[in-house]
Amino acid sequence: MTHEELWAKCCQFIKDNITPQQYDTWFRDITSDSYADGRLVLTVQSSFFVDQLEERHQGVLRAGIKKVYGEGVQLYYRYRTVQSDPSTAVSQKSSGSSPTILAQSKAQPANPFRQPDALDFDPQLNPKYTFENYCASDSNKIARSIGMAIADNPSLKTFNPLFVFGPSGVGKTHLIQAIGIRVKERNPHARVLYVTARLFQSQYTAAAAKNINSFFHFYQSIDTLIIDDIQDLQNMPGTQNTFFHIFNHLHQHDRQIIMSSDCAPSEMEGFEARLLSRFKWGMQVELERPDLGLRRDVLKLKAEQDGLSLPGEVAEYIASNVTQSVREIEGIVVSLLAHATVLNREISLDLARRVMANAVKIKRRQVNFEMITDAVATHYNICADLLFTKSRKREISDARQVVMYLAKKVAKMPLTTIGHKLGRTHATVIYSCKNIEDRMATEKKLASDIDAIEAAF
């Protein structure tokens with residue numbers, strides 16, 4: 001059988017085991033790129049599609065592959081990073097395993113009650129969090145440089161421990177996991193472990209009721225320990241005491257300790273003084289809110305990864321208004337892709353505004369009547385003074401109506417005030433605003449003009 005025939009047979013198995021709607025949505029458009037030497041490559045729409053497919057239907061997909069192709073098949077997905085450019089096609093291995101970090105099943109957290117061999121050890125790292133896709137800017141330059149220095153030389157005492165702090169969504173988790181992944185790339189035998197503070201707490205609680213010595217022994221064997229959201233150990237004296245002794249052991253044996261928090265050690269409450277003092281031993285580095293340049297880079301990278309082509313005005317609108325975190329930007333891109341796919345619409349400024357309306361608080365400056373008249377005059381390349389005349393030329397009259405419409409919509413001005421400023425009656429303003437609304441529904445050029453003018457405020 002050809003690779004196309006094998007995939008058709010696999011599709012038939014899948015079709016028999018899911019609903020027709022599920023099959024049409026997730027499998028109908030998948031094609032077989034190649035199959036050789038136990039490696040199956042499927043062509044799909046985007047990395048976003050891969051994530052959704054494996055989250056929803058990985059079980060039936062793998063069952064079909066096993067039935068048709070046999071055991072031990074390695075699954076890869078091929079998609080374009082830029083939809084309109086076939087040369088940008090890349091391959092991505094199925095999330096079943098990660099060769100970079102030699103991970104076991106992600107469903108099982110690291111077990112504190114056993115000592116696996118180094119190559120059998122699951123570091124609990126996310127393979128997507130690498131230095132290669134960690135965008136650099138002035139807001140994270142120092143932190144990134146220090147992280148790379150540690151990754152290249154884990155025995156470096158200068159930055160041990162490393163304490164990374166900053167508000168939520170600025171890239172702390174990405175950075176500390178990137179260090180761990182780079183360490184594993186340099187030395188596959190290194191025992192690297194990423195764990196959240198909450199998981200550490202739950203492991204400690206379970207161990208305290210069974211075998212606390214095994215818990216200590218496990219964590220004291222780690223070469224590079226990465227603990228995320230250390231602030232979650234606040235007001236937990238038992239867990240803090242345990243971590244204190246683990247910290248001391250690792251530090252005394254020159255093992256690297258990396259922690260993240262939403263605030264600096266000097267601002268933390270509910271922690272033992274002796275533990276806080278150790279947080280300050282090495283290097284404390286802050287990750288700031290992403291600056292405009294970083295937001296642009298993150299947006300571009302995320303869009304390319306998801307195969308999304310963003311018009312320039314849309315990208316700039318998102319980067320200018322989503323200012324709080326990198327995570328927000330990534331979420332907006334995912335939402336845009338989902339809306340465009342489901343609604344079968346092209347990405348536009350209007351769609352971006354709709355998606356962002358409930359997700360992000362758009363910070364607008366206070367817009368007044370003079371700003372509106374200047375913006376309209378500039379856009380239509382006319383003298384602003386002409387808007388206040390009795391001229392009935394079409395280009396002047398249309399621009400004047402746009403001013404009335406925007407003064408009502410954006411500046412929230414009373415209709416009588418708008419009329420007074422332009423020397424028009426209350427009824428004229430009502431008519432003009434209604435006329436613009438009606439025309440925008442059928443005239444794409446007018447709708448585009450008004451979007452552009454609004455974007456300038």
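Throughout, read-outs are computed from the coordinates displayed, never taken from laboratory work. Everything quoted here is computed from the prediction, not taken from an experiment. For neighbour counting, all protein chains shown are included, and Cβ atoms are generated from backbone atoms with ideal geometry for every residue, glycine included.
In a simple Cβ point-charge model (Lys, Arg +1; Asp, Glu -1; nothing else charged), the chain has a dipole of about 940 debye relative to its Cα centre. Once the C-beta distance of residue 12 and residue 153 is scaled by a Förster radius of 56 Å, the resulting FRET efficiency is 0.55 to the nearest 0.05.
With both labels modelled 7 Å from their Cα along Cα-to-Cβ, the residue 371 to residue 234 distance reads 3.7 nm.
Looking at region 397-438, the trypsin sites (Lys or Arg not before Pro) that sit in a DSSP loop and have at most 15 other Cβ atoms within 10 Å of their own Cβ are 412.
For the peptides 17-30, 53-66, what is the packing order when you average, over each peptide's residues, the other Cβ atoms within 10 Å and list the highest mean first? Can you show the working numbers first?
Working: 17-30: 14.0, 53-66: 16.5.
Per-residue mean Cβ counts within 10 Å order the peptides as 53-66, 17-30.
If R0 is 35 Å, the Cβ-Cβ spacing of residue 269 and residue 217 corresponds to a FRET efficiency of close to 0.65. Computed from backbone phi, the HN-Hα couplings of region 287-294 come to 9, 8, 4, x, 6, 4, x, 5 Hz, rounded to whole numbers (Karplus: 6.51 cos²θ - 1.76 cosθ + 1.60, θ = phi - 60°; Gly and Pro given as x). Across the cross-link table entries 15/66; 172/302; 66/184; 412/434; 390/421, which are compared at the Cα atoms, the separations over 20 Å belong to 66/184. Overall dimensions of region 268-318, expressed as equivalent-ellipsoid semi-axes from the Cα gyration tensor (√(5λ), whole Å, largest first), are 40, 11, 10. Where does the Debye-calculated log10 I(q)/I(0) of the chain sit at q = 0.12 Å⁻¹, using only Cα point scatterers of equal weight, no solvent? These q points yield log10 I(q)/I(0) values of -1.08. Relative to the dominant Cα principal axis of the chain, helix 444-455 is inclined by about 70°. Between 0 and 90 degrees, the angle of helix 172-186 with respect to the longest Cα principal axis of the chain falls at about 50 degrees. Placing dummy labels 7 Å off each Cα toward the beta-carbon, the span from residue 439 to residue 19 is 4.7 nm.
When DSSP assigns beta bridges and you keep just the ones with both residues in region 176-268, what percent turn out antiparallel, to the nearest 5? If you can, show how the numbers build up before the last one.
Details: 0 of 9 bridges.
About 0 percent, rounded to the nearest 5.
Ellipticity at 222 nm from helices only: DSSP H runs of n ≥ 4 in the chain, each -39500 (n - 2.57), divided by the residue count, give -16000 deg cm²/dmol. Loop-located trypsin sites (Lys or Arg not before Pro) in region 147-246 (DSSP state other than H, G, I, E, B) with a sparse environment of at most 13 neighbouring Cβ atoms within 10 Å: 157, 210.
Modelled this way, with points 7 Å down the Cα-to-C-beta line, the labels at residue 341 and residue 389 are 5.4 nm from one another.
Can you give the % of DSSP beta bridges in the chain that are antiparallel, to the nearest 5? Intermediate results must be reported in sequence, preceding the final value.
Working: 10 of 32 bridges.
If I count the DSSP bridges inside the chain, around 30 percent turn out antiparallel.
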